[in-house]
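The values are calculated or read from the model by the stated rules, or taken from the named source; none is laboratory data. Since we're looking at a predicted model, the values are computed, not measured. Cβ atoms come from the backbone with ideal geometry, glycine included; neighbour counts cover every protein chain shown.
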Amino acid sequence: HLMLLLNSPDQQTGQQSRNTLNYLAQDNSNFAEIMKRIDLKSIAVELKKTLVGSEEQKKQILNKQELQCYLIYVILNGREDEQLCKTIINSGIVALFLNIFEQRDLSLITQPFTTAFRMLTQDRIEITNQLLNQKQIPSLLRLLNHNDVEVISDIMKIFFNFIFASNNGSQDTTANPYYDVLAVHNGVDKFYSIFKRTDINKETKDTTAFCIGFLHRRQQIANQLIRVDIISYLKQLTNDPNKQICDMSNDAIFCLALNSEIEKGGFQIFDNLEFAQQNPNHPQSELQDFLSQFGEIKDIQYSPHIPGQARFAEVEFKNHEAAEAITNL
């Protein structure tokens, strides 16, 4: 009954049924029952349909497709199930979403579509790196012209998930794999235009700044206005009360280490082990010497220096015993 109400014409009823079903799906036994009633092949068949016929017929097709999107959201939300994601990918659903994003009129691409696709990229680094090839970037970029700011928010989160996952899946010393293709399609300018909008919420603004920061790993932000605005904003976020936002902004700033704008106002960032080895009398080198007594260090990442604030460092040892030894101090 709840599944039938997911796309109720009454907005409140639909939202309540989605919330209830999502809550029930967190229990494994309930989830198993829900999955018995979900056929991925049928979902793919519905999503493959084009919006043809009378206006009423088009509306009915769209409503059924939105229902399939809600089902995908329910079965993915809050679950770390890579096998389920792979099954969805193999069913052709991802390709159908991308086809819709590329070809359908923007007014007929509603938030359920973008939210369902976003769930496939959420906190799934290995899966996310398999979802998109560079030729499909324009199909997502065009959605940044959408009139619905919630759709735009979804798309920026999707871009963040792809950019962040690709950084984690490649060497720190190389550029982000999506940098060139986004540069060709003016992706940074489009991200920045979203960043400057006054009708987006803070979460979307933060996400957009992170996208630009992580995208420019080992790269200079070419446009001076964008460079100044984004770096200034990221530096502000290092004081955010939300620790996750603070950590993410520090990571984005580290990606932007080649941009001299970072060091304005006494803000400093160093290239970790390499800097420490070249500057043996610096406090960072002293910390490295102290940590080395516990075992061989694989990597150290220091938080940026902000006058008047304490700094922290994250250290990764090459063996588990060293990490245990320092934890027991």
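Things to note:
- Hits in the range 144-153 - residues which are in contact with a Leu (Cβ under 8 Å, 6 or more places away or on another chain) and either modelled with pLDDT under 95 or under 21 Å from N77 (Cβ atoms) (or both): V151, I152
- From L120, L98, residue being in the same structural domain as T50 (by TED's automatic domain parsing) and under 19 Å from V181 (Cα atoms): L98
- Of all residue pairs spaced 6 or more apart or on separate chains, those with beta-carbon atoms under 7 Å, a first member in the range 222-249 that is assigned to a loop (DSSP other than H, G, I, E, B) and a second member that is surrounded by 16 or more Cβ atoms within 10 Å (Cβ to Cβ) and of a type outside the set (G, A, S) are T238/N250; T238/P304.
- Elements of type helices (runs of 4 or more DSSP H) in the range 74-185, at least 3 residues being hydrophobic (A, V, I, L, M, F, W, C) and in contact with a strand residue (DSSP E or B) (Cβ under 7 Å, 6 or more places away or on another chain): none
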